[in-house]
Each structure stands twice: as structure tokens, then as C-alpha cells.
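I have placed the structure first, in the form of C-alpha cells, so that the comments after it can refer back to it.
The values are calculated or read from the model by the stated rules, or taken from the named source; none is laboratory data. Fair warning: this is a prediction, and the values are worked out from it, not measured in the lab. Neighbour counts run over all protein chains shown; Cβ positions are idealised from the backbone, glycine included.
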């Protein structure tokens with residue numbers, strides 16, 4: 001029997017005060033700086049609900065949400081009143097329970113105590129604050145609109161507003177960064193006692209300003225030293241690594257929404273550029289991906305949903321691209337459950353991975369080694 005996975009919901013808010021030079025996400029600078037026009041907000045929120053209604057009707061969905069994530073862009077540009085309206089309407093369609101993880105991404109430059117109080121009252125129970133660095137020099141190089149002081153104020157405001165589950169996004173491998181300055185960022189973050197840290201290396205992606213301007217990044221030896229010393233620091237401070245760039249103080253504080261992605265779970269994606277993945281029980285398991293139109297002004301006219309089937313032959317690599325990011329790896333029975341394929345579909349991958357020291361296989365479980373996590377691209381080439 002096929003057992004369909006639980007359901008999560010991703011909501012994309014596409015606007016930012018300005019787009020950062022390293023960002024390759026679907027983010028668009030606001031037509032009016034620093035604030036989201038109330039009329040535009042209302043139109044967008046109503047279109048989100050129309051988008052959600054269409055997905056629910058098309059795919060015959062009736063389920064409680066295990067997680068809800070507002071990403072961007074900059075979701076903290078939303079008014080607390082608008083967010084409260086949206087959450088209430090989502091709850092009418094897909095129940096939000098006491099155990100549903102509800103995360104909102106917030107940027108220090110677009111957040112304040114009053115907003116955080118409103119977000120908490122509306123039902124957001126987890127904040128992900130995009131600090132990126134506590135160095136004012138690094139923040140300027142990254143094109144961020146906030147300062148170290150702004151970031152500190154935002155985190156403290158979130159605590160005063162009642163948030164007890166906060167993630168901080170921090171980058172490393174920044175232009176001019178040394179191992180000492182990378183650890184200084186982590187040291188400064190520690191004073192706020194975050195429950196979760198996303199600590200990831202800056203990468204230069206196509207279709208970004210950095211791709212054309214090519215900032216000078218640390219040499220390879222510095223990058224390796226930053227990684228090694230940073231991982232040691234995180235462990236010493238009680239942050240357990242559970243994914244390549246995700247660290248939590250306990251299993252209960254791991255990002256449940258991101259685990260949905262990494263475990264090849266099901267999620268709806270609404271908003272401009274939103275992506276979704278859904279499994280449907282039939283004679284064989286059907287897996288479909290959805291994508292909505294990316295440009296906000298086009299989305300306001302129509303989500304223009306595009307649905308594609310995930311072919312059987314592509315399911316192993318899609319599964320592995322996510323599951324091999326996890327320190328825990330995956331159980332072969334979960335591969336079978338989420339892909340509809342027998343574990344033998346991974347036999348060659350596992351055998352080669354074990355031979356090359358990139359994975360371990362035991363008792364029906366496949367686990368990436370430290371080398372497998374560090375050289376994920378090489379591991380995936382074996383699939």
C-alpha cells in the first residue's frame with residue numbers, strides 16, 4: 001500500500017527593499033522603497049488565496065498542515081494585519097494545528113518590535129532572521145540594507161515579542177573573510193542564544209550581480225579552515241549539525257519545513273514563482289511538480305500554474321539530491337515510500353558510494369560520510 005506523506009505549504013512573498021547582488025531567488029525590488037503599498041498587499045494576498053483554492057481543487061487536497069513557511073523576497077514587508085488575515089484564511093482551507101511549525105523569514109531592516117508582536121499574535125511561531133553577517137563591512141559588500149546594530153535590535157525585538165524559536169542565517173566565505181572573522185560572526189551570534197543556525201558558504205550564482213562583477217573570495221585554504229573551525233565551534237556550542245548547512249540545539253528545533261524538502265515530502269507552493277511537489281495515489285505512485293509564474297505583476301493577473309510529472313527514471317536523483325544533504329541519511333524504506341520504487345533502484349549508487357568512502361550502508365539505511373557531505377556533487381554523480 002502507498003502511504004502519502006504529510007503536507008506542508010510554502011508561501012512566496014516576492015518583494016525586497018532592493019535585491020542583493022548575490023541573490024538568485026525570485027526577488028524583485030519594491031516600486032516604492034522600504035514599504036509595501038497597502039493596495040498592492042491586499043491584491044497579492046487575495047491572489048494567494050485564489051492560487052491556494054485552485055491547487056486544493058485541482059489536486060483534491062484535504063489535509064492538516066505539518067508546516068507553513070513564508071519565504072521571499074522579504075516576507076517581513078507584510079503588515080501584521082495582512083499576515084493575520086492570510087493565516088486565518090489558510091486555516092479555513094488547510095487546518096493549522098498546535099503542532100504546525102509556522103515560519104516567517106524576516107530581514108532586520110524591515111522588522112520592528114510592533115511587527116513581531118503582530119506576527120506572533122497572528123500565529124507565527126518561528127522566525128528566520130536574515131542576518132548574513134554581523135560585520136558592517138561585510139554587510140556593505142553583500143549589498144544588505146541593515147547594519148550590525150539593526151540585526152542586534154531585530155533579534156532582541158523578536159525575543160521581547162515572545163519568539164522562543166529563532167533561526168539566524170549567516171554566510172561564510174565572504175569577500176576578505178578570514179577564519180578569525182568568520183568565527184567572530186558566530187561568537188557574536190551566540191550572545192542571542194538562537195535555537196537554530198543556518199551557516200552556509202557564499203556561492204556565486206548565474207544571473208546575479210556578483211556573477212558579472214566577480215568579487216574576490218577567500219582562497220581555498222582559507223575556505224577550508226573557515227569550514228573546519230566553524231564546524232568545531234558549532235559543535236562546542238551545542239549546535240548539532242543535521243544537514244549540510246543547518247544546525248539545531250535539539251532534534252525538536254530542527255526546521256520541520258526544510259526537512260519536508262530534504263525527505264522528499266509533499267508541499268504546496270503558492271505565490272509568484274512558487275514551487276510545489278505532490279504525490280497522488282493511483283495504481284502506481286504519481287509525483288507531480290507545480291510552478292507558478294515568476295513575475296509579480298503577471299502573477300497578480302493569474303498564477304498560471306504549470307504542472308509536470310516527475311518521470312520514474314528521474315525520481316532516484318531527485319530523492320538523492322535532497323536526502324543526501326542530511327547527516328542522518330535515509331532509510332531505504334523511505335525511498336520506496338516516497339518514490340514508489342524498489343530499493344534496488346539505488347543498488348549501483350550505494351555500492352559505488354561505499355567503495356569511494358562517500359556513504360555507509362547498514363541495516364537498511366544509507367548515510368553520507370563526512371566526505372560525502374563535503375563533496376555532495378561528487379556523490380550525486382554516482383546516481
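Odds and ends about this structure:
- Against the conditions (1) in contact with a strand residue (DSSP E or B) (Cβ under 6 Å, 6 or more places away or on another chain); (2) surrounded by fewer than 19 Cβ atoms within 10 Å (Cβ to Cβ); (3) closer than 23 Å to residue 300 by Cα, residue 63 satisfies every one except (3).
- Considering 77, 52, the condition of being surrounded by 17 or more Cβ atoms within 10 Å (Cβ to Cβ), more than 20 Å from residue 154 (Cα to Cα) and assigned by TED's automatic domain parsing to the domain that holds residue 25 is satisfied by 52 alone.
- Residues that are part of a loop (DSSP other than H, G, I, E, B) and surrounded by 14 or more Cβ atoms within 10 Å (Cβ to Cβ) within the stretch 267-292 comprise 271, 272, 273, 274, 285, 292, listed in sequence order.
- Selection status of residue 239, on the phi > 0 side of the Ramachandran plot and buried (at least 17 other Cβ atoms within 10 Å of the Cβ): no
- Of the residues making up the stretch 204-216, those that are touching a residue at least 12 places away in the same chain (Cβ under 8 Å) and either under 28 Å from residue 156 (Cα atoms) or surrounded by fewer than 20 Cβ atoms within 10 Å (Cβ to Cβ) (or both) are 204, 205, 206, 207, 208, 209, 213, 215, 216.
- Restricting the stretch 293-324 to residues that are under 23 Å from residue 338 (Cβ atoms) and not in a helix (DSSP H, G or I), the residue that is nearest to the chain's Cα centre (by Cα): 324
- For the stretch 128-152, residues that are touching a helix residue (DSSP H, G or I) at 6+ places or on another chain (Cβ under 7 Å) and more than 23 Å from residue 24 (Cβ to Cβ) total 5.
- Meets criteria (at positive phi and in the same structural domain as residue 70 (by TED's automatic domain parsing)) for residue 340: no
- Unmet requirement for residue 38, which otherwise passes all of (1) at pLDDT 90 or above; (2) out of contact with any helix residue (DSSP H, G or I) (no Cβ under 7 Å at 6 or more places or on another chain); (3) closer than 17 Å to residue 107 by Cβ: (3)
- Residue in the stretch 241-257 that is part of a helix (DSSP H, G or I), within 15 Å of the chain's Cα centre (by Cα) and over 26 Å from residue 148 (Cα atoms) present: yes
- All conditions in (1) farther than 30 Å from residue 40 by Cα; (2) surrounded by fewer than 18 Cβ atoms within 10 Å (Cβ to Cβ); (3) in contact with a helix residue (DSSP H, G or I) (Cβ under 9 Å, 6 or more places away or on another chain) hold for residue 328, with the sole exception of (3).
- Test: residue 84 is at pLDDT 95 or above, assigned by TED's automatic domain parsing to the domain that holds residue 38, surrounded by 15 or more Cβ atoms within 10 Å (Cβ to Cβ) and out of contact with any helix residue (DSSP H, G or I) (no Cβ under 9 Å at 6 or more places or on another chain): no
- Top-ranked residue of the stretch 43-68 - restricted to ones that are over 25 Å from the mean Cα position of the chain (by Cα) and in contact (Cβ under 8 Å) with a residue 40 or more places away in the chain, ranked as nearest to residue 206 (Cα to Cα): 43
- Residue ID - surrounded by the fewest Cβ atoms within 10 Å (Cβ to Cβ), chosen from residues in the stretch 242-266 that are touching a helix residue (DSSP H, G or I) at 6+ places or on another chain (Cβ under 8 Å) and farther than 30 Å from residue 178 by Cβ: 263
To keep it simple, each residue is scored yes or no on (1) in contact with a helix residue (DSSP H, G or I) (Cβ under 6 Å, 6 or more places away or on another chain); (2) at pLDDT 95 or above; (3) exposed (fewer than 15 other Cβ atoms within 10 Å of the Cβ).
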{"site": "14", "(1), (2), (3)": "yes, yes, no"}
{"site": "19", "(1), (2), (3)": "no, no, no"}
{"site": "30", "(1), (2), (3)": "no, no, no"}
{"site": "48", "(1), (2), (3)": "no, yes, no"}
